[in-house]
Amino acid sequence: MHILLWVIVIILLIGLGRVLKRRWVIQPEQADSPDESTAATPAERPGVAAHLTGAVQDRLHGLRSRLGRPKEPPIVPQFRQWADDAFARDGEMQQWLAALTDAQIGALTDHLAAFCQDMGFELSWLLEEQPMQNKELQQGLTQIVLLYCRASFEAVQMQEEVQILHIYREYMQNPQSRSHRELGEHLFGKLVEQGMSTISVSEHLAAPARIRQQQIVDAIERSAEREPRKLRMLLKSVLIERALPNVYPEAAAVKANGTAKA
């Protein structure tokens, strides 16, 4: 029962956070950029490597920039000290918060403080050295803030899986585009290596291009149904391999040539 209540609270916080985000972030952006034609299209989204790495900085620091907050608000050290005590029994949360930069903590506390205000209280009430006279109220408000922080952590951890899902769905919607054909061929090779495809390689290579492409799509779709977790791991591996030449061009050249520069 406790686990069910925890899950329900997390879902409610994430849903509320999305509503609040639209009100805090989208409205200022519309005021600054009235021309809707300049909005980023799906093709202009950041590359795969950016989504698979640096999730914390991309999201928390990005939210801070859009809100136009000071880079290092004075609340950061107080929040760090408070969180260290509040999460004394939660090593996972302590490690995550400790790994965040001051700018990232600032972005988190910006949204957290705004959420607290919307709920009718101030985050600073909990960060003050002087404890509240109403102990039960303090415990209740502390629990709300802890759950918000935990929901933020869980959301960040899920970003990689969410991005993998987006890429898979985009591929299945239009597998014949050039970039998707290359992605599918790369992933199909992984399926063959892992014995996850029943298609004969010789027959596949001898088939016309249109048939080969359909065989690749069918093999990927069957793998998604039968072994979804393994397919996600292989897709992630493919995305990383395809992103490496852009991130580390010298390493890609060494791999292609088989030698390194002296």
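The values are calculated or read from the model by the stated rules, or taken from the named source; none is laboratory data. Every value quoted in this text rests on a predicted model; they were computed, and no experiment measured them. Cβ atoms come from the backbone with ideal geometry, glycine included; neighbour counts cover every protein chain shown. What goes into the accessible areas is simple: the full protein's heavy atoms, side chains included, and nothing from ligands, DNA or RNA. Shrake-Rupley method; radii C 1.70, N 1.55, O 1.52, S 1.80 Å.
Sort out which residues of the range 167-176 are in a helix (DSSP H, G or I) and exposed (fewer than 13 other Cβ atoms within 10 Å of the Cβ), and write them in order of number.
Within the range 167-176, Arg169, Gln173 qualify.
Only one of Val192, Val145, Val201 is open to solvent by less than 50 Å² (accessible area, probe 1.4 Å), out of contact with any strand residue (DSSP E or B) (no Cβ under 8 Å at 6 or more places or on another chain) and more than 18 Å from Arg229 (Cβ to Cβ). Can you tell me which?
Answer to the check: Val145.
Filtering the range 89-139 down to residues that are open to solvent by less than 70 Å² (accessible area, probe 1.4 Å) and among the small types (Gly, Ala, Ser), which residue is farthest from Cys149 (Cα to Cα)?
Gly120
Restrict the check to the range 177-194 and report whether at least one residue is of a type outside the set (Gly, Ala, Ser), in contact with a Leu (Cβ under 9 Å, 6 or more places away or on another chain) and either over 30 Å from Ser223 (Cβ atoms) or not in a helix (DSSP H, G or I) (or both).
Looking through the range 177-194, at least one residue is of a type outside the set (Gly, Ala, Ser), in contact with a Leu (Cβ under 9 Å, 6 or more places away or on another chain) and either over 30 Å from Ser223 (Cβ atoms) or not in a helix (DSSP H, G or I) (or both).
Tally the residues that are of a type outside the set (Lys, Arg), closer than 22 Å to Glu161 by Cα and either open to solvent by less than 20 Å² (accessible area, probe 1.4 Å) or in contact with a Ser or Thr (Cβ under 8 Å, 6 or more places away or on another chain) (or both), restricting the search to the range 209-233.
Qualifying residue count for the region: 5.
Given the condition assigned to a helix (DSSP H, G or I), aromatic (Phe, Trp, Tyr) and at pLDDT 95 or above, answer yes or no: does some residue in the range 135-158 qualify? Explain how you work it out, then say what you get.
Step one: list which residues in the range 135-158 are assigned to a helix (DSSP H, G or I), which gives 135-158.
Checking the rest, the ones that are also aromatic (Phe, Trp, Tyr) come to 148, 153.
Add one more test, that the residue is at pLDDT 95 or above, and what stays is 148.
Within the range 135-158, one or more residues are assigned to a helix (DSSP H, G or I), aromatic (Phe, Trp, Tyr) and at pLDDT 95 or above.
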